[in-house]
Amino acid sequence: MLNLTTLPWDEMTAVDLIDAWPTDDPIADHIDLSAASLLAPDVARRWGLLPFGWEDGCLCVATSRNLSQEARDVLQALGSTRLYRAPLVDIAIAQSVVYPYGRGKDPQRFGEIAVHRGLLSVEGLHQALQRQSEAGGRIGEVCCSLQLLTGWEIAEVLSQQAHLPLMELLPEIAADPSAWASDVGWEFLSPAEWRHYQMVPIRVTAEEVVVAVVDPQESKGRALLSRQSHRRVTSVLTGPRDVQAALDAHYRASDLFASQSLLATTRPEDSANQTTTRAQRLGFMALFAVFIALAVWHFETVVAVASSLLVVSYSALVGHRLWMIQQGTTKSHELQFTAKELAALDDKQLPIYTILIPARDEASMLPILAQGLDRLDYPKDRLDVKLLLEEDDADTIAAAYAAHLPSYIEVVIVPEGEPRTKPKACNYGLQRARGSYVTIFDAEDVPDPSQLKKAVLAFQRGDAGLVCVQAKLSYYNANQNLLTRWFTAEYAAWFDLFLPALHTTDMPIPLGGTSNHFRTSVLRDLGAWDPFNVTEDADLGIRLYKAGYRTAVLDSVTYEEANSDFVNWVRQRSRWIKGYLQTWLVHMRHPLRLRRQLGRGGFWGFQLSILGTPMMFILNPVYWFITSLWFMTNWGLIPHLFPPGIYYLGMLNLLVGNFVFTYLNAVGAAKQGRWDLVPYALLTPIYWAMMSLASWKAIMQLLTRPSHWEKTEHGLVNWATIDVPGLDTTAPSSEQDSA
């Protein structure tokens, strides 16, 4: 854009600021007070300047004389500028109205205005200024993060400071949300741009666009709007909740569609909207027909070959797990940062970080959620937390509004619509994300306080190919009962041995369901999460790898609630296994293409991790049954299932496999320092039987209800046994009682 700040005064275009002076309103209608507020009054008066609007993406500034270099530097900081000539008296008169307060009169600093209006105490202002000096940020946002001011009170102060009219949008939106469905004015910018600049169109004429803005000092959005609309832009001020409500009302239908169908529409081959393709179904049917035909021809030979293939495959899985133990115990594969490195981070330079928290029927967990977020060592004015609640979850919605959550937690109501899954809610929240980075926490999560800073360091020090870092997960109620001990040992093996080993060997990493951190822009480009996949995390990890990106494991732990109820555990585990099978079917639609995308090592790592994990538990009861049947009946067919060599390999699987998986859980627990869990790992075979039950349930649901999300019930914790530093575990029970 051509910048005219260097033109001589007599070559500038003239502009009239005053209409028929004197009148009751000496300022010409086309002077935008929000443009004028971009210059401090004393600076504007010193250099005889008056910003008065935007034209074709440039800030229009009136001047009464040729500019000195110092004045040019002042304007240069405002971006692309177009200068106009105006008489000195006109500028002075306009300034007297635009900047009505002079030195020694009413306060003009934000904090002084807030105190003067009785919105903020002197002690509160000092507290906010102290926090600002430590972590940076704008004073209004700091006051809001400290819960000293509300968003609307900030708007009231800014209205006085910038001399902008204040408009409340919420009553109008609440009265008639459909009125905001009109496209008038909205077409000038994209949804992402309206959200980024936190403004919405209020009125559009042939010459002018009036927008409601949250930040009067933000000029890039209005410059872009003037360029896109070819109209003059005028601003009014409003609160952040008002702008968000207007955006929600206008984009509700399109946001819901995107959260449900974006991936299925733009990348149908990567979507589990259809579990199997027609080609896959025909292939499975043909394979089954060939198997039946061969079995009719020579039954014993066919079953022997099939059994041999399964035994060899199981051996490969056992060998893979042995290799994982070796990798995980001999090397450190996690991204680690010292306290000194974290302390060296300049809080003033930290970016906005979005946290998505999908929750359903989680009213009792809100106190723990608030505590976990409050413990985060990150400037609260740069936290963008979206609490994603389903529209029909009245209890949790009511509890969220009654809980007086901190200002950085925004309650986002996800409209009803199929599929009713966690990834659909996350997609809906992602469209509102303001952060450079985004992560997911569950409502019951208690993350490591320094986790966000560690993730920022990981992204800063990694190259552009590193787009995801996965923190480790563990449980704060590990000792509640035998099931929670097994569950914790399994998680220790998975996150402390298995995933770090996949990272160091450059294989696809199936992500965990929480505490995975992303570069927001890349996540959006990939189509975000698949709402039809019930393990959307594992699927996204594979899609990241297919796209050429990398995932690393972060040495930071998020604690969550281990399932302590058997039936509830089966629902959760069967959903995970069903999702792994879904993920395998989706990405194996084109095996040769997948082989090229993942590479040889990545392709076989995908088979062993995504298919191998559920297949072990699916096969276990089959061979347990065959073994039991042999001892009970000595049926003559059974020996034919295990030809020479295969029989001994099967025995090796039985002996070595039991040892490997027991040892894997024991080593994982020991690596976490949970030596108290090691004896319980010796009972892992019982846990396998439970896993097998969940696996066969998963197969049945894959055939009948592939995208059905079985909700895991939380809040079953015995809080008296929990000891998480800095966490008040008496809050959930008392809060639940009051509800």
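What are the residues in the range 421-449 that are in contact with a strand residue (DSSP E or B) (Cβ under 7 Å, 6 or more places away or on another chain) and part of a loop (DSSP other than H, G, I, E, B), if any? Those that are in contact with a strand residue (DSSP E or B) (Cβ under 7 Å, 6 or more places away or on another chain) and part of a loop (DSSP other than H, G, I, E, B): ARG432, ALA433, ARG434, GLY435, PHE441, ASP442, ALA443, GLU444, ASP445, ASP448.
Tell me, please, whether a residue that is in a helix (DSSP H, G or I), over 21 Å from VAL210 (Cα atoms) and open to solvent by 70 Å² or more (accessible area, probe 1.4 Å) can be found in the range 134-141. Yes, the range 134-141 has at least one match.
Might you let me know whether the range 409-423 holds any residue that is without any contact (Cβ under 8 Å) to a residue 12 or more places away in the chain, out of contact with any Asp or Glu (no Cβ under 7 Å at 6 or more places or on another chain) and open to solvent by 10 Å² or more (accessible area, probe 1.4 Å)? No, there is no match, as no residue in the range 409-423 is without any contact (Cβ under 8 Å) to a residue 12 or more places away in the chain, out of contact with any Asp or Glu (no Cβ under 7 Å at 6 or more places or on another chain) and open to solvent by 10 Å² or more (accessible area, probe 1.4 Å). Taking the stated definitions as given, is VAL456 open to solvent by less than 20 Å² (accessible area, probe 1.4 Å), closer than 26 Å to VAL534 by Cβ and not acidic (Asp, Glu)? Judged against the criteria, VAL456 is not a match. Of all residues in the range 219-235, those being open to solvent by 40 Å² or more (accessible area, probe 1.4 Å), at negative phi and modelled with pLDDT under 90 number 4.
Answer yes if at least one residue in the range 330-340 is among the charged types (D, E, K, R) and within 25 Å of the chain's Cα centre (by Cα), and no otherwise.
Within the range 330-340, one or more residues are among the charged types (D, E, K, R) and within 25 Å of the chain's Cα centre (by Cα).
On the basis of being modelled with pLDDT of 80 or more and in a helix (DSSP H, G or I), does VAL667 make the cut? Here the answer is yes, as VAL667 does meet what is asked. Pull up the range 371-390, narrow it to residues that are of a type in the set (A, V, I, L, M, F, W, C) and within 16 Å of GLN147 (Cα to Cα), then point me to the one that is surrounded by the most Cβ atoms within 10 Å (Cβ to Cβ). Within the range 371-390, the match that is surrounded by the most Cβ atoms within 10 Å (Cβ to Cβ) is VAL385. Here ASP215 qualifies as crowded, with 18+ Cβ neighbours inside 10 Å, assigned to a loop (DSSP other than H, G, I, E, B) and modelled with pLDDT of 90 or more.
Sub-6 Å Cβ pairs linking a first residue in the range 504-519 that is at positive phi to a second residue that is crowded, with 20+ Cβ neighbours inside 10 Å, at least 6 apart or interchain, are SER515/ALA471; SER515/THR558, ordered by first then second residue. Entry remark, the range 429-447: residues being under 10 Å from the mean Cα position of the chain (by Cα), open to solvent by 10 Å² or more (accessible area, probe 1.4 Å) and of a type in the set (Ser, Thr, Tyr) number 1 in total.
Among residues of the range 228-247 being touching an Asp or Glu at 6+ places or on another chain (Cβ under 8 Å) and assigned to a helix (DSSP H, G or I), the one that is farthest from SER37 (Cα to Cα) is GLN244. Of the residues making up the range 60-77, just one is loosely packed, with under 14 Cβ neighbours inside 10 Å and among the hydrophobic types (A, V, I, L, M, F, W, C), namely ALA77. GLU168 passes every criterion in (1) touching a residue at least 40 places away in the same chain (Cβ under 8 Å); (2) assigned to a helix (DSSP H, G or I) apart from (2).
When SER259 is tested against (1) modelled with pLDDT under 90; (2) outside any strand (DSSP E or B), just one condition goes unmet, and that condition is (1). The set of residues in the range 525-536 that are in contact with a Pro (Cβ under 7 Å, 6 or more places away or on another chain) and assigned to a helix (DSSP H, G or I) contains only GLU536.
From the list THR265, THR238, THR276, THR338, the one residue that fits, being within 20 Å of ILE610 (Cβ to Cβ), among the hydroxyl-bearing types (Ser, Thr, Tyr) and either in contact with a helix residue (DSSP H, G or I) (Cβ under 8 Å, 6 or more places away or on another chain) or open to solvent by 30 Å² or more (accessible area, probe 1.4 Å) (or both), is THR276. Out of curiosity, is LEU17 in a loop (DSSP other than H, G, I, E, B), within 22 Å of SER229 (Cα to Cα) and modelled with pLDDT under 70? In short, no. Selection of the range 142-160 for residues being in contact with a Pro (Cβ under 9 Å, 6 or more places away or on another chain) and open to solvent by 60 Å² or more (accessible area, probe 1.4 Å) yields GLN147, TRP152. For beta carbons closer than 7 Å, sequence separation of 6+ or different chains, a first residue in the range 57-70 that is part of a loop (DSSP other than H, G, I, E, B) and a second that is exposed (fewer than 14 other Cβ atoms within 10 Å of the Cβ), the qualifying pairs are GLY57/MET1; SER64/LEU88; ARG65/TRP9; ASN66/PRO8; ASN66/TRP9.
Residue count for the range 587-617 satisfying the condition of being surrounded by fewer than 14 Cβ atoms within 10 Å (Cβ to Cβ) and under 27 Å from the mean Cα position of the chain (by Cα): 0.
For VAL210, the stated conditions do not hold, so it cannot be described as over 29 Å from the mean Cα position of the chain (by Cα), assigned to a helix (DSSP H, G or I) and modelled with pLDDT of 90 or more. Within the range 685-716, how many residues are modelled with pLDDT under 80 and open to solvent by less than 20 Å² (accessible area, probe 1.4 Å)? Residues flagged as modelled with pLDDT under 80 and open to solvent by less than 20 Å² (accessible area, probe 1.4 Å) within the range 685-716 amount to 1.
Yes/no matrix, rows are residues, columns are (1) open to solvent by less than 20 Å² (accessible area, probe 1.4 Å); (2) modelled with pLDDT of 95 or more; (3) of a type outside the set (A, V, I, L, M, F, W, C):
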{"residue": "THR520", "(1), (2), (3)": "yes, yes, yes"}
{"residue": "VAL534", "(1), (2), (3)": "yes, no, no"}
{"residue": "ALA547", "(1), (2), (3)": "no, no, no"}
{"residue": "THR558", "(1), (2), (3)": "yes, no, yes"}
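Per the listing ASP361, ASP347, the residue uniquely charged (D, E, K, R), open to solvent by 30 Å² or more (accessible area, probe 1.4 Å), within 25 Å of THR520 (Cβ to Cβ) and under 38 Å from the mean Cα position of the chain (by Cα) is ASP347.
Look at the range 107-120: where a residue is without any contact (Cβ under 8 Å) to a residue 60 or more places away in the chain and assigned to a helix (DSSP H, G or I), no partner that is aromatic (Phe, Trp, Tyr) and surrounded by fewer than 17 Cβ atoms within 10 Å (Cβ to Cβ) sits 6+ places away or on another chain with Cβ atoms under 6 Å.
Looking across the range 672-684, the residues that are part of a helix (DSSP H, G or I), of a type outside the set (Val, Ile, Thr) and surrounded by 16 or more Cβ atoms within 10 Å (Cβ to Cβ) come down to LEU677, TYR680, ALA681. Mind listing just one residue for me: the one in the range 313-335 that is small (Gly, Ala, Ser) and at pLDDT below 75 and, of those, least open to solvent (accessible area, probe 1.4 Å)? Step by step, filter the range 313-335, then rank; the result is GLY328. Scanning the range 471-497 for residues that are of a type in the set (Phe, Trp, Tyr) and either surrounded by fewer than 23 Cβ atoms within 10 Å (Cβ to Cβ) or under 16 Å from THR558 (Cβ atoms) (or both) turns up TYR475, TYR476, PHE487, TYR491, TRP494, PHE495.
The values are calculated or read from the model by the stated rules, or taken from the named source; none is laboratory data. Predicted model only: the values in this text are computed from it and were never measured. Counting neighbours? That spans all protein chains shown, and the Cβs are built from the backbone with ideal geometry, glycine included. Just the protein is used for accessible areas: all its heavy atoms, side chains included, with ligands, DNA and RNA removed. Shrake-Rupley method; radii C 1.70, N 1.55, O 1.52, S 1.80 Å.
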